[in-house]
Amino acid sequence: MKNSLIIIIIFFTGIFLGMQQSIFLVFSRVDMILYSLYGLLFLVGIDIGSNPSAWLTLKTLNVRIVLVPLSIAAGSILGAGVIAPLFANFTAQDALAVGAGFGYYSLSSIIITQIKGDALGVIALLANLSREVLTLLLAPLLARIFGKLAPIAAAGATYIDTTLPVIVRASGKDYAIIAFFSGIVLTILVPLVVPLILSF
Amino acid sequence: MWMIFLFLLTGVIIGFLFRNKHNVLKTAAKTTSWAVFLLVLFLGISVGGNKNVMSTIGVLGWQALITSVGSIAGSLLLSGIVYFFFFRDIHEK
């Protein structure tokens, strides 16, 4: 929760700096954002590769577990697509791409900014950031109403550190491995699926 | 798109090779949060400097929130179906 607040504050600080039309606009140059994206991907890779439970879950892999992230991914993309007709400036393609962020706001918004520009990038950032905040707030409620998989579904790929503790508390320790596996698969899917959707 | 995959994969390999070097991993974890902060700041600057976007930021915010609810609802629905058919038996033992 604290982390989400910090992100929101930093984002608005950036908006304020950008509005000054000052020297800071140098940082908004596209290649600057692109290089930091590569850096972030590299670091995310290190995080996944060094985590013993990541390799452990690969060993205990079965079809049932694979279905979890796949259904979450499909639901997230299609659920966003259903929203598209509500907004005049929202094409189905744009909405599907935002939905394919799976809550991973930093990665998805940068990729979308790269391909589609600032406006859709902002939507991707705010939509996926609010997914994280909503998950943190609603996890216990979702688990009670919709079952133990629900907090994992809501979390999507939201940064594993922030939502995993909340999920484990809401769904129980048995579901930690599933949550972790689902989070990793969805994290890897974001940089692959978002450009794919926007390439059509 | 290939670059994206390349950087991710290189990270995974290096992370695996250094999996027992805790100080290296700690530095990487710390750098990650700073990289995210920096990225969000860059994005904010880019958005703030874009007058077209700034004039519609309120609408974009609503659009984002509703899209987020749509995504969560879709994920809940489809994973709920998976839960019903494949996970329910675990709890009915």
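Brief remarks follow.
- Above 16 Å, the calculated P(r) of region A:78-200 contains 59 percent of its Cα-Cα pairs.
- Non-local lysine pairs in the protein assembly as shown, meaning eight or more places apart or on different chains, with alpha-carbon distances under 28 Å, amount to 17.
- Tensor-based shape of chain B (alpha-carbon gyration tensor, a/c under 1.5 rounded, otherwise prolate or oblate): oblate
- Only one residue of A:Ser76, A:Thr187, A:Ile167 has its Cα farthest out toward the positive end of the dipole of chain A, where Lys and Arg carry +1 and Asp and Glu -1 on Cβ, and that residue is A:Ile167.
- Interface size A-B, as summed buried accessible area [1.4 Å probe, Å², nearest 100]: 6300
- Average other protein chain Cβ within 10 Å of Cβ, residues A:123-133: 6
- Peptide A:80-89 shows a mean partner chain C-beta count of 5 within 10 Å per residue C-beta.
- Helical runs (DSSP H, four residues minimum) scored at -39500 (n - 2.57) apiece and divided by the length of chain A put the mean residue ellipticity at 222 nm at -26000 deg cm²/dmol.
- Across peptide A:6-14, the mean count of Cβ atoms from other chains lying within 10 Å of each residue's own Cβ comes to 6.
- Kyte-Doolittle at least 1.0, axis length at least 27 Å by Cα - qualifying DSSP helices, chain A: A:30-50, A:63-83, A:118-146, A:176-198
- Just so you know, the Rg over Rh for the protein assembly as shown is 0.96, from Cα atoms, with Rh as the Kirkwood radius.
- Largest to smallest in accessible area, the residues A:Ser36, A:Ser109 fall in the order A:Ser36, A:Ser109 (1.4 Å probe, all protein chains included).
- Charge dipole magnitude, Cβ of K and R +1, D and E -1 - the protein assembly as shown, Cα centre, debye nearest 20: 580
- With all protein chains modelled, accessible area of A:Leu86 [1.4 Å, Å²]: 120
The values are calculated or read from the model by the stated rules, or taken from the named source; none is laboratory data. Computed from a predicted structure; not experimentally measured. Heads up, the Cβs are rebuilt from the backbone with ideal geometry, glycines too, and the neighbour counts pull from every protein chain shown. Surface areas here come from the heavy atoms of the whole protein model, side chains and all, with no ligands, DNA or RNA. Shrake-Rupley method; radii C 1.70, N 1.55, O 1.52, S 1.80 Å.
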